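Asker: The following block contains the structure, expressed as structure tokens.
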Amino acid sequence: MERSYRVLNKDDIHKNLEDHVTRLSSVLSVPRPAAAILLHNYTWQVDKLLRAWFDDEDGVRESVGLPKNNRPTKGFPRSGEVLVCGICFQSYYFDIRFESTVGFCGHRFCTSCLGAYVSRAIDDGPACLFLRCPDRYCGAVIGQDMVDLVVSDEGKMKYKEFSIRSYVENNKEIKWENNRGIKWCPALGCEYAVEYDLKSESYDVSERFDVTCDCSFSFCWNCLEESHRPVKCETVAKWVLENSSEQGTNPSYFQNFQSFTLKFQRFWKVGWGSLWSAPSSESGNTILAVCKLCPGCGEQKIENDKVTMHMTCQCKHEFCWICLGPYKDHDYAACNSYRENVEQEIGVEERVTKSAKRSYRRYFHYYERWVANHKSRENALAYLNVIKTEKLEQLRELVEEHGLKARKFGFLAEAWEQIAECRRVLKWSYVYGYYMPEEASSKKKLFGYLQGEAEVALERLHDCAENTLEKYLKLDGLAHEFDATRTELVNRTRATRIFFVNFVNGVSNGLAEAESDS
């Protein structure tokens, strides 16, 4: 499918801004500074501006501080003429090279005073884009042409930055005239923006908003959360709210584990203590990621600092990190699916208590798997960085040392990129499963089966990628079996990618393949 977005740096954004200004200047036959002022005042809503302009041009000019007929109300003095500054009341010589007037009204100020006035406004923030004449009785606006004449290079850069941010902030929504919108990348410290182009093809765009910035951060352009297909934005909002702090703080599913910690400690006496060590007061993240005990020996604390869910204890017992079942002949579908343990209930109070416990057990089932896949994805991304910065260079050095032909190892990084992406999909698939209606039994069975197969495909890709890298670093088969090993990993990566794409598309389409419930 054609990519529906493009990443813009600040120079790209400024070029777009200038193009808008140039087009409007041509359409309305006004100077470019005046066109920029109009766009800022109408928050870059060109259609709204044009309707107002052609209905009442004079009214628009008056409201934004532009003179009639694009001319200042006072004529320009002659070069060298002695004038009196309207701020400091000192005499100065007018120099045509540095027009010491406010261009749209003709009030006279010396360059020093006007420069200080404009610079102070720029330091105060983006309101400088709507700055008016210093004369208390004048409403004429100060445009960028005047700003460029009287402020320093630093002031010009700040003014330009405010213009760029105004352009982006007021073009967040996709507009009918060009079917495009632009938003800043939400990654910390990133200065790129992403322009989304809503194509005319008929498909559900709510499922196509995943974008990847040039800073490598993938996010949903619609809601600005991390990429979350196959889950829709409204479902993500519900999940974030459910996991938010009980104290009413802003929800953050990466950092805010306080709510879960409190719930877990209250629920501790139910009987899960055999699977976990005592909860730490430091964070719920520690509880979820560090404290599981080996189900084989019951003594070793196992930390999942890997990408896979396949754990091996010092006692040699191999088990699944999620369900703690033996890894040999592991049933992924059973591991992923939540099964209710129906018990006989006596009395209203006991019914309510057991209902609450069942509800929380179900929540914990999906939440634990969501967090586990989130952590595994982080581990995969960290290892991918190690591969790109260290491992690939080691392989190149080994090739040179042993006089072997030059080899390309980019397919190793591609495999780990796919592993990280698969973990992201699996992470959000548990949120999808959590909100599936109970009555949709056929769809739940199909979803559980597909989710289990996705886990199997990912584990096979991970094993293949890990074994290939270790084999190459030990020079086993680097010379003789390189092509065969490379082909195996490339094919495995491609097959896994295709499977996960189909999995996401199937879930996004509501699992239409499932038989309708009777």
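Asker: On average, how much accessible surface per residue is there in the stretch 116-178, in Å², for a 1.4 Å probe, leaving out ligands, DNA and RNA? Kindly include the intermediate steps, with their values, before the conclusion.
Answerer: On the way: 3420 Å² over 63 residues.
Computed with neighbouring chains in place, this is 54 Å² per residue.
Asker: Kindly rank 369-381, 25-37 from highest to lowest mean number of other beta carbons found within 10 Å of each residue.
Answerer: Most protected by this proxy first, the peptides run 369-381, 25-37.
Asker: Of the peptides 151-163, 227-239, how do they stack up when ordered by the mean number of other Cβ atoms within 10 Å, highest first?
Answerer: 227-239, 151-163
The values are calculated or read from the model by the stated rules, or taken from the named source; none is laboratory data. On a predicted model such as this, the values are computed, not experimentally measured, just so you know. All Cβ positions, glycine included, derive from the backbone under ideal geometry; neighbour counts span all protein chains shown. SASA here: full protein model, heavy atoms, side chains in, ligands and nucleic acids out. Shrake-Rupley method; radii C 1.70, N 1.55, O 1.52, S 1.80 Å.
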